[in-house]
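A.B. asks: My questions will all concern the structure given below.
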Amino acid sequence: MGRIATELAVDLQAGGTADLDRRVLSLIKSGALAGPWRDPRRIPWMPITSTVGKDTAVFQVAPLPVCIGTDDDFMFAPMSADTQQQLADMYGLVQPTTKLFDLCRQQGFQVNPATQPYDGPTRVARGYSPNMGDALASLRFTRDMLKAIAGRVGLPGFPYKGWMLTNRAETPGQAYNYGFYTTGATTSTGPFRSASGLVLWQQLAGRHNTRHWDYSQVGVYFSQSCTVNGRVRRLSDVLLDPEFARLASDEGVLKTLRQPLLDQSGVIAPRPSQPGTGELTFKRVLKLGSRDGAGERVVADVQLFLGCRPDGAFGPTTDGLSREFQRSVGLTPDGVWGPKTYAAANAALAARAATNLSLGPAVVAPSSSVVLPLPDDFRMPSPLVAGFRQAKQYKPVTRKPTKIVIHTAEIAELPTGAEALAAACATSDRVASWHYSVDCDSIWQSVLDEHVAFHAPGANHDGIGIELSGRAKQTAADWRDDYSLAVLELAAQLVARLCRKHGIPVRYVDEKGLLAGENGITTHHDVTQAFKRSTHTDPGEHFPMAEFVARVQALTEAAAQAA
Ligand SMILES: [Zn+2]
């Protein structure tokens, strides 16, 4: 069993401040990661969008800094730049830049740092050590921050500092920190303005060495997986790409993706500075026992694709995940990476890019076709699908969906409905999942269209499940309140695009139609009636199906004309 953060903090504190970051690192290596970090392969990444000129990228950030302890009692791990670099190497993650930090602040919800008091006597009286750099201060900071973000859904808007990747870092052992955004008052010593106009206490500065840490320095990481203009890329490649680096860096192309001149013994070499396409290139056959040579990234790239630790050694985990992938795409599950498996992996990468985030811009249908009015303050989200959080339960087969199944999620009408549904789908052990969640201002995806989700027994194998925020007991009037009208419009936009994309007919298919094998738009209730394998009756008898299908039809026609 893991040890709670309270104990870890007391122990770390008792050991003094010397080498504290090394002791934190060994705790992490011995399995003390907690909260969303318990298994770094399953971090619930949150999307951050960056637009420069005509280019748009979607990056993925971990919702909380690296945590140690147990899931019930964890703290942000005290983080030196050295520790941050080593974790990046261990898990194939990317460290922040000032620009990525700023984007998180802008697109998360605003929460200010729980600044820990600095004056000795007051701090001691309140249970703090008079030293900023102690483990108990980290514990208190974490608790204050978790209290401040409790009950809120989405990304906390970065009330901490991080160690940055920057071209200014040229002196060995010197680390650059940045952050501590605030909306608070100005004093003679700050706050300052970031390049994008945000107010913060810590400008990019290199006053510390790579072993320094204090409670405000935490481990913020980004996934290698990102998209640029809808194409899957590696964030490392983007940071090194003259054409697109600006999307992720205020300084343009970065000269290094590492903290400066750290001891690299036992750590993974950085990827060569060759901008890539995110595609995997077949170089040689890989199988159990294969290894990357010095400076080589063949096995490591396959490992990144599979989502395991890219250590360049093809071991049992890589073998198992390879077989699982091969099975999912109908190849012989032998764990051997030859040209066929590479081709299937590249097809899967392309499908992920096309399915997740690039459903295209919103379509505006002629107003005469609007049978469901739009609420006055309606704004079309862009992108239409805010992000992708992989469901915990799903079947990674490759199939062609032929039906859309509409559900109500039986949750309150809240603007955070889709985010909450996606979070539940990504974390719940219950065997239930769906492809898209819709609320009044956003859509989140949980399962790829070509994968099977578990939402409507009888129609799971060929259906795309869409959960609408709201309840099956809604009256006709309830479906016409501003919230539901916005949900219906977003759902219609989504369904129109899915029908076009997959060639699904835009028509309502009832229970009889389902039994006759017709394809189109149906409901959980109809699936229940047809196949008798569930008792659910959502989205309820007053769901305005005729108007909804008419709206989807209008949007589909408008899109066809525009094309
Ligand atoms: Zn349902």
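The values are calculated or read from the model by the stated rules, or taken from the named source; none is laboratory data. These numbers were taken from a predicted model, which means no experiment stands behind them. Because the Cβ atoms are built from the backbone with ideal geometry, glycine has one as well, and the counts that use them run over all protein chains shown.
A.B. asks: If I filter the stretch 441-459 down to residues being away from the ligand (no atom under 15 Å from the Cβ) and free of Cβ contacts under 8 Å to residues at least 60 places away in the same chain, which single residue comes out as surrounded by the most Cβ atoms within 10 Å (Cβ to Cβ)?
C.D. replies: So the residue we want is Trp444.
A.B. asks: Out of curiosity, is Ala391 hydrophobic (A, V, I, L, M, F, W, C), surrounded by 20 or more Cβ atoms within 10 Å (Cβ to Cβ), within 13 Å of the ligand (Cβ to nearest atom) and more than 24 Å from Gln553 (Cβ to Cβ)?
C.D. replies: no
A.B. asks: Would you mention how many residues in the stretch 398-413 are touching a helix residue (DSSP H, G or I) at 6+ places or on another chain (Cβ under 6 Å) and more than 20 Å from Val549 (Cα to Cα)?
C.D. replies: Going through the stretch 398-413 one residue at a time, the tally reaches 2.
A.B. asks: Still on this structure, please answer the following. Any chance you could count how many residues in the stretch 534-544 are more than 13 Å from Ala456 (Cβ to Cβ) and either within 15 Å of the ligand (Cβ to nearest atom) or polar (S, T, N, Q) (or both)?
C.D. replies: 3
A.B. asks: For the stretch 521-533, indicate whether the set of residues that are within 17 Å of Met380 (Cβ to Cβ), modelled with pLDDT of 90 or more and within 16 Å of the ligand (Cβ to nearest atom) is non-empty.
C.D. replies: So far as the stretch 521-533 goes, no, none of its residues is within 17 Å of Met380 (Cβ to Cβ), modelled with pLDDT of 90 or more and within 16 Å of the ligand (Cβ to nearest atom).
A.B. asks: Additional query: Being under 26 Å from Pro36 (Cα atoms), touching a Phe, Trp or Tyr at 6+ places or on another chain (Cβ under 9 Å), within 16 Å of the ligand (Cβ to nearest atom) and without any contact (Cβ under 8 Å) to a residue 40 or more places away in the chain: is that true of Ser437 here?
C.D. replies: For Ser437, the condition - under 26 Å from Pro36 (Cα atoms), touching a Phe, Trp or Tyr at 6+ places or on another chain (Cβ under 9 Å), within 16 Å of the ligand (Cβ to nearest atom) and without any contact (Cβ under 8 Å) to a residue 40 or more places away in the chain - is met.
A.B. asks: Contact list please: Cβ distance under 7 Å, first residue in the stretch 37-65 and more than 18 Å from Pro96 (Cα to Cα), second residue among the acidic types (Asp, Glu), pairs at least six apart or on different chains.
C.D. replies: Arg38/Asp71
A.B. asks: Condition test on Asp429, is it within 14 Å of Pro401 (Cα to Cα) and away from the ligand (no atom under 15 Å from the Cβ)?
C.D. replies: Details: within 14 Å of Pro401 (Cα to Cα): no; away from the ligand (no atom under 15 Å from the Cβ): yes.
The answer is no for Asp429.
A.B. asks: Need at least 3 residues that are within 29 Å of Ser446 (Cβ to Cβ) and over 15 Å from the mean Cα position of the chain (by Cα) per element, so show me which helices (runs of 4 or more DSSP H) inside the stretch 1-98 make the cut, counting only ones lying wholly within it. Let's see the steps before the verdict.
C.D. replies: Numbers: elements: 5-14, 20-29, 81-91.
In the stretch 1-98, the matching helices (runs of 4 or more DSSP H) lie at 81-91.
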